[in-house]
1. If you go through the range 33-44 one residue at a time, do you hit one that is free of Cβ contacts under 8 Å to residues at least 60 places away in the same chain, at positive phi and in a helix (DSSP H, G or I)?
2. How many residues does the range 49-74 hold that are acidic (Asp, Glu) and within 30 Å of residue 1 (Cα to Cα)?
3. Is there any pair with a first residue in the range 1-20 that is over 16 Å from residue 33 (Cβ atoms) and a second that is assigned to a helix (DSSP H, G or I) and among the acidic types (Asp, Glu) whose Cβ atoms are under 8 Å apart and which are 6 or more apart or on different chains, and what are they?
4. For residues in the range 33-48 being modelled with pLDDT under 90 and aromatic (Phe, Trp, Tyr), which is nearest to residue 5 (Cα to Cα)?
Amino acid sequence: MALRMHDPNVPHGKLAQALNVSDDTVTNYLKLYQAEGIKGLLDNRYYQPTSQVEDSLDRIKESLIKEPVARVDS
């Protein structure tokens, strides 16, 4: 929407207010579009941490199956 609403005669603050985002967000969107085009705006840039135990997950599961941490016997 920031791209569609962009007009060189309209301050970024007015666009930001209409879109309920910060001035910097509008500026960043426009700069990103100028630098990378629409693909740059569509890329997922959110931080996505990866688990450090991912490689060991199968061994951890096997270990817990063999020796459960706690057991309730009836």
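1. First, pick out the residues of the range 33-44 that are free of Cβ contacts under 8 Å to residues at least 60 places away in the same chain: 33-44.
Cutting the leftovers down to at positive phi gives us 37.
Within this subset, residues satisfying the condition of being in a helix (DSSP H, G or I) are 37.
Yes, some residue in the range 33-44 is free of Cβ contacts under 8 Å to residues at least 60 places away in the same chain, at positive phi and in a helix (DSSP H, G or I).
2. 0
3. From residues that are over 16 Å from residue 33 (Cβ atoms), the pairs are 13/23.
4. Here the residue is 46.
So that you can scan it fast, the table gives a plain yes or no per residue for (1) part of a loop (DSSP other than H, G, I, E, B); (2) surrounded by 10 or more Cβ atoms within 10 Å (Cβ to Cβ); (3) at pLDDT below 90:
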{"site": "4", "(1), (2), (3)": "no, no, yes"}
{"site": "7", "(1), (2), (3)": "yes, no, yes"}
{"site": "10", "(1), (2), (3)": "yes, yes, yes"}
{"site": "24", "(1), (2), (3)": "no, yes, no"}
{"site": "27", "(1), (2), (3)": "no, yes, no"}
{"site": "31", "(1), (2), (3)": "no, yes, no"}
{"site": "50", "(1), (2), (3)": "yes, no, yes"}
{"site": "62", "(1), (2), (3)": "no, yes, no"}
{"site": "70", "(1), (2), (3)": "yes, no, yes"}
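The values are calculated or read from the model by the stated rules, or taken from the named source; none is laboratory data. Predicted model only: the values in this text are computed from it and were never measured. Cβ atoms come from the backbone with ideal geometry, glycine included; neighbour counts cover every protein chain shown.
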